[in-house]
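As structure tokens, the structure follows; a few thoughts come after it.
The values are calculated or read from the model by the stated rules, or taken from the named source; none is laboratory data. If you're wondering where the values come from, they're calculated on a predicted model, not measured in any experiment. Cβ sites come from the backbone with ideal geometry, for glycine too, and all protein chains shown count toward neighbours.
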Amino acid sequence: MAIYWASACGGCCVSVLDVHESLFTVTERADIIFWPIALDTKYADVKALPNGYIDVTLFNGAIRNSENEYMAMLLREKSKILVAYGSCAHMGGIPGLANFFNRKEIFERVYQTSESTVNPEKIRPQPSFQVPEGNLHLPVFFNDVKPLDKVVCVDYYLPGCPPQTERLIEVFLAITNGSELPGKKSVVGARDKTQCDECERKKTENKHIKKFYRPFEIQDDGETCFLEQGVICLGPATRAGCGVRCIKGNAPCRGCYGPSPDVTDPGAKMMSAIGTMIDSNDPEEISEIVEQVVDPAGTFYRFSLPGSILRRKII
Amino acid sequence: MQFQPTIVSFLCNWCSYTGADLAGTSRMKYAHNIRIIRVMCSGRVEPTFVLRAFKEGADGVLICGCHPGDCHYHEGNYKCLRRFHLLKKYIQQMGIHPDRLRLEWISASEGKQFAELADEMTEAMIKLGPAKINEVMQFA
């Protein structure tokens with residue numbers, strides 16, 4: 001078994017550690033041979049393995065640079081089953097929000113205009129640089145962030161930011177017990193229903209929204225549906241499986257589990273749903289209500305921009 | 001040769017499509033750039049349809065429905081109107097010019113208005129130039 005992080009925050013790797021003592025069950029059944037957060041295996045060691053040697057690779061993180069891409073291809077070659085683990089590998093995740101900018105803008109901000117930067121010589125990272133000792137290399141920074149399946153063929157998706165640990169154990173046991181696995185390309189460790197189906201908050205059939213609130217602008221009563229209170233909650237367009245963790249913690253769903261089955265574009269589906277809830281038939285009033293949604297692209301595509309239909313800003 | 005935009009238009013079955021049909025049967029001439037897709041109601045037009053049209057190379061998207069209050073399904077066009085406002089804000093954030101998406105009301109008797117709208121929108125798209133959405137996507 002292998003676990004790798006590409007463009008990720010490390011939370012997915014930590015979520016694997018969150019299995020606590022179940023990790024012994026894991027290591028009883030599988031040797032973890034590559035896991036940068038915990039083991040010191042080198043890329044060259046992975047490269048030296050025969051093709052298809054690794055049974056399961058949990059790949060977390062999006063594809064941001066050539067190193068991520070190289071490792072995705074390498075691990076695909078060496079693994080029997082490649083799992084896109086977590087929102088970033090599944091749909092692009094939070095790093096995918098960088099698709100609102102291009103490489104030039106990101107470099108300008110990070111290496112020039114950010115408040116803590118002093119760079120009068122306008123130095124930018126170079127993919128290769130000659131020094132007396134030899135040629136140094138850095139990964140090439142891509143213009144676009146991509147989810148894993150835009151680079152290599154993915155067998156399963158295990159969504160979540162991070163995936164809930166219980167789901168990981170279920171999936172792991174299913175694989176090692178030799179039970180029948182679902183069809184390739186399917187989403188595992190999540191349900192086919194939406195968040196709303198599992199949410200215990202009080203809801204009525206018809207939701208009417210006259211005014212949108214951002215979560216800090218309103219005193220949540222702790223029991224009424226967030227949407228009915230005017231707070232945008234991505235529950236209607238998001239797959240269940242996390243155990244409605246955020247909502248139980250009195251925070252609206254942000255959509256990390258991705259779209260429910262057969263939905264190609266989660267944000268578009270959510271816009272569609274919100275459209276029916278706005279309680280006005282007057283064009284001007286509708287326009288005013290919609291103005292209160294401060295950042296539709298960032299809100300509806302928080303975890304899924306690179307995996308959506310318009311996967312980046314047109315620059 | 002002058003740039004010929006592609007405008008995908010979604011027309012509702014009960015008013016706008018009949019309106020466009022009237023323009024046709026009355027032998028009115030209008031820009032051939034409009035590609036009509038008939039839907040049962042403007043409320044059927046999901047944001048996904050519009051985004052996909054842009055992605056597949058549309059330079060503009062036109063949605064037409066019954067006038068407010070006239071919807072065959074009572075309030076489908078209002079739902080469309082609300083989604084339209086949200087969608088317009090979204091496509092602007094994604095770097096698509098807001099004029100590339102339009103929502104207009106065309107009744108079954110407004111063949112002339114439809115023909116004029118088609119010409120007017122084509123003219124506007126020629127001025128804006130190609131959307132180049134697909135090219136940007138491929139480059140990245």
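Listed by position, the helices (runs of 4 or more DSSP H) inside the stretch A:196-315 whose residues that are more than 8 Å from chain B (Cβ to nearest Cβ), out of contact with any Cys (no Cβ under 9 Å at 6 or more places or on another chain) and not charged (D, E, K, R) number at least 3 are A:266-277. Residues that are of a type in the set (D, E, K, R), surrounded by 16 or more Cβ atoms within 10 Å (Cβ to Cβ) and farther than 19 Å from A:ALA8 by Cα do occur in the stretch A:78-92, at least one of them.
Each row is one residue, and each column tells you yes or no for (1) out of contact with any helix residue (DSSP H, G or I) (no Cβ under 9 Å at 6 or more places or on another chain); (2) basic (Lys, Arg); (3) closer than 26 Å to B:GLY69 by Cβ.
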{"site": "A:PRO266", "(1), (2), (3)": "no, no, no"}
{"site": "A:ILE274", "(1), (2), (3)": "no, no, yes"}
{"site": "A:GLU291", "(1), (2), (3)": "no, no, yes"}
{"site": "A:VAL294", "(1), (2), (3)": "yes, no, no"}
{"site": "A:ARG302", "(1), (2), (3)": "no, yes, no"}
{"site": "A:ARG311", "(1), (2), (3)": "no, yes, no"}
{"site": "A:ILE315", "(1), (2), (3)": "no, no, no"}
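Number of residues in the stretch B:74-103 that are in contact (Cβ under 8 Å) with a residue 12 or more places away in the chain, more than 12 Å from chain A (Cβ to nearest Cβ) and surrounded by fewer than 21 Cβ atoms within 10 Å (Cβ to Cβ) equals 2. Which of the following residues is more than 8 Å from chain A (Cβ to nearest Cβ) and touching a residue at least 60 places away in the same chain (Cβ under 8 Å): B:GLY60, B:GLY69, B:GLY65? Exactly one of B:GLY60, B:GLY69, B:GLY65 is more than 8 Å from chain A (Cβ to nearest Cβ) and touching a residue at least 60 places away in the same chain (Cβ under 8 Å), namely B:GLY60.
Is it the case that the stretch B:77-89 has a residue that's within 24 Å of B:MET1 (Cβ to Cβ) and either modelled with pLDDT under 95 or in contact with a strand residue (DSSP E or B) (Cβ under 9 Å, 6 or more places away or on another chain) (or both)? There is no residue in the stretch B:77-89 that is within 24 Å of B:MET1 (Cβ to Cβ) and either modelled with pLDDT under 95 or in contact with a strand residue (DSSP E or B) (Cβ under 9 Å, 6 or more places away or on another chain) (or both).
Go through (1) more than 9 Å from chain A (Cβ to nearest Cβ); (2) farther than 25 Å from B:ILE133 by Cβ; (3) in a helix (DSSP H, G or I); (4) not hydroxyl-bearing (Ser, Thr, Tyr) one by one and return the number of the condition B:ALA53 breaks. Condition not satisfied by B:ALA53: (2). Entry remark, the stretch A:215-236: residues being in contact (Cβ under 8 Å) with a residue 24 or more places away in the chain, surrounded by fewer than 15 Cβ atoms within 10 Å (Cβ to Cβ) and within 16 Å of A:ARG254 (Cα to Cα) number 1 in total.
The set of residues in the stretch A:127-161 that are in a loop (DSSP other than H, G, I, E, B) and surrounded by 11 or more Cβ atoms within 10 Å (Cβ to Cβ) comprises A:PRO127, A:LEU138, A:PRO139, A:VAL140, A:PRO147, A:VAL151, A:VAL152, A:VAL154, A:ASP155, A:PRO159, A:GLY160, A:CYS161. Scoring B:ARG38 on the criteria (1) surrounded by fewer than 20 Cβ atoms within 10 Å (Cβ to Cβ); (2) modelled with pLDDT under 95; (3) more than 8 Å from every other protein chain (Cβ to nearest Cβ) leaves a single failure, condition (2). A:ILE314 satisfies every condition listed in (1) free of Cβ contacts under 8 Å to residues at least 60 places away in the same chain; (2) assigned by TED's automatic domain parsing to the domain that holds A:GLY230; (3) out of contact with any strand residue (DSSP E or B) (no Cβ under 7 Å at 6 or more places or on another chain) except (2). Among the residues of the stretch A:169-189, those identified as over 14 Å from A:ILE81 (Cβ atoms) and either part of a helix (DSSP H, G or I) or touching a helix residue (DSSP H, G or I) at 6+ places or on another chain (Cβ under 7 Å) (or both) are A:ILE169, A:GLU170, A:LEU173.
The single condition among (1) out of contact with any helix residue (DSSP H, G or I) (no Cβ under 7 Å at 6 or more places or on another chain); (2) within 14 Å of chain A (Cβ to nearest Cβ) that B:THR6 does not meet is (2).
Out of the residues in the stretch B:109-125 that are in contact with a Phe, Trp or Tyr (Cβ under 7 Å, 6 or more places away or on another chain) and crowded, with 17+ Cβ neighbours inside 10 Å, state the one that is farthest from B:VAL61 (Cα to Cα). It comes out as B:ALA115. Which members of the stretch A:267-300 meet the condition of being in contact (Cβ under 8 Å) with a residue 60 or more places away in the chain and closer than 21 Å to A:TYR157 by Cα? Within the stretch A:267-300, A:PHE300 is the sole residue that qualifies.
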